[in-house]
Amino acid sequence: AQTVTQSQPEMSVQEAETVTLSCTYDTSESDYYLFWYKQPPSRQMILVIRQEAYKQQNATENRFSVNFQKAAKSFSLKISDSQLGDAAMYFCALPSPSNTGNQFYFGTGTSLTVIP
Amino acid sequence: DAGVTQSPTHLIKTRGQQVTLRCSPKSGHDTVSWYQQALGQGPQFIFQYYEEEERQRGNFPDRFSGHQFPNYSSELNVNALLLGDSALYLCASSLGGLSRESYGYTFGSGTRLTVV
């Protein structure tokens, strides 16, 4: 079964500083994708970054990067130079196995506060 | 380019009533997925519609039903509402189902349902 765990319900960071959000997961697949979504007060889920499990290199999108440790099934999100607009809920997500369905499994989320 | 549109944005219903939520997918998308996000939780998959048929269903009772129209828009119906059905209902559209890459998975801003 696919499971996603986020153990940090809330995090805070000073503006311009760096913060890391944690995520662990479980899957029986060897080839899969992992995602981080952002949900601001507008409620729309916005894709932040994705990682392909077979790629050794950690994904990076501007100020957002991941630390993907496949053996440990860990997938953390690092936000550098934090901005006020980064304040939101962040969800780690894992798609269902390719031969079993069409859904995302989400963690319970981390609420990020950015302090001016 | 219009994204995913959901209506209404908020509504309040009484326990035992029935409710219909609506979703218009992003232009060019043909698949609609529905998620329930309870307060403080991550979204949970309800079902997905493709070619006007329910393609996959999550662990939700038969009180939850849906429909997809020829123009790809979709409705989510919930009968015999319970207090526990209070949640944010998110619609996501994509092309041809949940592609493993899922850059094309676009969420709406949701409908906040309160059952009293």
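Taking a Cβ cut-off of under 14 Å around A:Phe64, the surrounding Lys, Arg, Asp and Glu residues balance to a net charge of +1, with basic ones at +1 and acidic ones at -1. A Förster radius of 25 Å combined with the Cβ-Cβ distance from A:Ser42 to B:Arg15 puts the calculated FRET efficiency at roughly 0.30.
A crude spin-label estimate for the pair A:Thr3 and B:Ala38, with each label 7 Å from Cα along the Cβ direction, gives 1.7 nm. In region B:49-77, comparing the full protein assembly with the chain on its own, the residues that lose 50 Å² or more of accessible surface at a 1.4 Å probe are B:Gln56. Each residue of region A:45-60 is assigned a 3J(HN,Hα), and the resulting list reads 6, 10, 5, 9, 6, 9, 9, 8, 5, 7, 8, 6, 6, 6, 6, 9 Hz, derived from the Karplus form 6.51 cos²θ - 1.76 cosθ + 1.60 (θ = phi - 60°), x at Gly and Pro.
Evaluate the charge dipole of the protein assembly as shown about its Cα centre and quote only its size in Debye, nearest 20, assuming +1 on the Cβ of each Lys and Arg and -1 on the Cβ of each Asp and Glu. With Lys and Arg at +1 and Asp and Glu at -1, about 340 debye.
Here the simple spin-label model places points 7 Å from the Cα toward Cβ, and for A:Arg63 and A:Thr113 these points are separated by 1.9 nm. What is the local net charge at B:Leu21, summed over the other residues whose Cβ is closer than 12 Å to its Cβ (Lys, Arg +1; Asp, Glu -1)? That sum, taken over residues with Cβ under 12 Å, equals +1. Counting only protein heavy atoms and a probe of 1.4 Å, the accessible surface of the protein assembly as shown is 47% carbon and sulfur.
In the distance distribution for the protein assembly as shown, Cα-Cα pairs more than 30 Å apart total 25 percent. Extension gain for the segment B:Arg22 to B:Asn71, taken as residue separation times 0.36 nm less the Cα-Cα distance, is 16.4 nm to one decimal. Given R0 = 30 Å, the distance between the Cβ atoms of B:Arg63 and B:Thr5 translates into a calculated FRET efficiency of 0.75. Given their separation in residues at 0.36 nm each and the Cα-Cα distance between them, A:Ala72 and A:Met11 gain 19.7 nm when the chain is fully extended. Post the alpha-carbon centroid distance, region B:28-78 to region A:47-79, in whole angstrom. Distance between centres, Cα-based: 29 Å. Legend: mean number of C-beta atoms from other chains within 10 angstrom of residue C-beta atoms, peptide B:35-46, equals 5. Taking the chain by itself as reference, region A:45-62 contains these residues with an accessible-area loss of 30 Å² or more in the full protein complex (1.4 Å probe, heavy atoms): A:Met45, A:Leu47, A:Arg50. Average accessible surface for region A:3-115: 46 Å² per residue, computed with a 1.4 Å probe over protein heavy atoms with every protein chain in place.
Over chain B, give the accessible area per residue in Å² for a 1.4 Å probe, as an integer.
Value returned for chain B: 46 Å² of accessible area per residue.
Projected onto their three principal axes, the Cα atoms of region B:5-115 cover extents of 37, 28, 24 Å, largest first. Packing, as the average of other Cβ atoms within 10 Å across residues, places the peptides A:70-82, B:22-34 in the order B:22-34, A:70-82, highest first.
Relative contact order for chain A: what is it in percent, counting Cα pairs under 8 Å that are at least 6 residues apart?
Reported as a whole number, the value is 36 percent.
Extending 7 Å from Cα along the Cβ direction at B:Val116 and again at B:Leu83 yields two label points whose distance is 1.4 nm. The A-B contact accounts for approximately 2200 Å² of buried accessible area, totalled over both chains at a 1.4 Å probe radius.
Check each of the GluC sites (Glu not before Pro) in region B:36-92 and keep only those in coil by DSSP with at most 14 other C-beta atoms within 10 angstrom; list them in order. Qualifying residues, ordered by number: B:Glu51, B:Glu52. A viscosity of 1.567 mPa s and a temperature of 4 °C, combined with the Kirkwood radius over Cα pairs in Stokes-Einstein, give a translational diffusion coefficient for chain A of 90 µm²/s.
The values are calculated or read from the model by the stated rules, or taken from the named source; none is laboratory data. This one's a predicted model, so the numbers in the text were calculated from it and none came from an experiment. Every residue, glycine among them, receives a Cβ derived from its backbone with ideal geometry; neighbour counts consider all protein chains shown. For accessibility, only protein heavy atoms count, side chains too; no ligands or nucleic acids. Shrake-Rupley method; radii C 1.70, N 1.55, O 1.52, S 1.80 Å.
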